[in-house]
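Readers should treat all values here as calculations from the given coordinates under stated rules, not as data from a laboratory. All values derive from a computational prediction rather than experimental measurement. Neighbour counts run over all protein chains shown; Cβ positions are idealised from the backbone, glycine included.
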């Protein structure tokens, strides 16, 4: 008898008129399961490596890991440390220094696709201790020393000669950089055929310590693309541009417009651990002298590890493998954290 009743009930459901709506499920007070994150936003993103060259850090630095994923009302804190060795020796300039950059930044999600952010860098420059490491690397691979033997080991000097013959120097020391305000918009989450797309707008305010930033506001924008392949491989491309309202900083003349690109691949080895490789190129930084007025490029590699839920560690290294070497940092080491609140 029970089987006959069940069959009759099933037949009645199948024969329900199309215009009649099925009864709504009872509200149990348990929230529905949140929709899954789109496949193209499941990667951990690029290594957050700004150009560490000592003349580049005085102006707005565009971020490259701009495919953030936050829920409405969430926040994220991102401390980051960068340590770079720089050397260039020509008749018109001397750049022999190590630079240090500590930046404390953060985001707050007004919506799941629109965030507000800010960052404040602390900059320092001195003679450092990495010269012997760089010399050892050059010797091991039979590379030229780049005229490093003409300067004292771990010495310090940054001096640039302008077109009029005047020499402008950056003294060693530490100071605050310019405060950066940011807006982030996840334009498209991506799907099976199209990449995820994000836009970020930035502005740096002239709030720095004398000698460690610009006297005018800088503006910038990046457009980022991400596409996942074979579930564990994530490809990235980031295009960015900057505009300087004051092109003369510490007597040094900068290009008013700047452009950069970053291409990268991330391999998600396991759910919580990724390896990242990326290449970046930058348009000329200064108007003169040569080769400081030429484009520069870097390659970088590193790892990202979510050691606890909502807490991630990033370790990376950057190297300039393509000349001219005088207009870019020789090597830089970086570490970063992120804490999702």
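Over the chain, with a Gaussian network built from C-alpha contacts below 10 Å, which listed residue (286, 110, 263) shows the highest mean-square fluctuation?
110
Taking each pair of distinct Cα atoms in region 205-341 once, what is the resulting Kirkwood hydrodynamic radius in Å?
17.1
Using only C-alpha atoms and all pairs of different ones, pull out the Kirkwood radius for region 150-274 in Å with one decimal.
Radius from the Kirkwood sum: 18.0 Å.
Computed FRET efficiency, Cβ-Cβ of residue 154 and residue 255, R0 25 Å: what is it to the nearest 0.05?
FRET efficiency, residue 154 to residue 255: 0.20.
Rank the residues 334, 149 as a footprinting-exposure proxy: fewest other Cβ atoms within 10 Å of their Cβ go first.
Ascending Cβ contact count within 10 Å gives the list 149, 334.
If the viscosity is 1.306 mPa s and the temperature 10 °C, what Stokes-Einstein diffusion coefficient in µm²/s follows for region 195-236 when Rh is the Kirkwood radius over Cα pairs?
122
Kindly express, to the nearest 10 degrees and within the range 0 to 90, the angle between helix 2-14's C-alpha long axis and the longest C-alpha principal axis of the chain.
Rounded to the nearest ten degrees, it is 60.
Any idea what the relative contact order of the chain is, in percent, if you count C-alpha pairs under 8 Å spaced at least 6 apart?
The value is 18 percent.
Please report, for the Cα atoms of region 61-203, the Rg to one decimal and the Dmax as a whole number; what are they, in angstrom?
That works out to 20.7, 58 Å for Rg and Dmax.
When a footprinting reagent is the concern and you count Cβ atoms within 10 Å, what order do 91, 330 take, fewest first?
Ranked by crowding around the Cβ, least crowded first: 91, 330.
Between 0 and 90 degrees, rounded to the nearest ten: what's the tilt of helix 131-140 against the longest Cα principal axis of the chain?
80
Kirkwood hydrodynamic radius for region 269-341: how many Å is it when counted over pairs of different Cα atoms?
After inverting the mean inverse Cα-Cα distance, the result is 14.0 Å.
When the scattering of region 37-340 is computed by the Debye formula from its Cα atoms alone, each counted once and equally, what is log10 I(q)/I(0) at q = 0.07, 0.10, 0.11 Å⁻¹?
So the normalised log intensities work out to -0.26, -0.54, -0.65.
Determine, from the Cβ-Cβ distance of residue 322 and residue 207 and an R0 of 45 Å, the FRET efficiency 1/(1 + (r/R0)^6), rounded to the nearest 0.05.
0.85
Starting from the Cα of residue 239, step 7 Å along the direction of its Cβ; do the same at residue 335; then give the gap between the two resulting points in nm.
3.7
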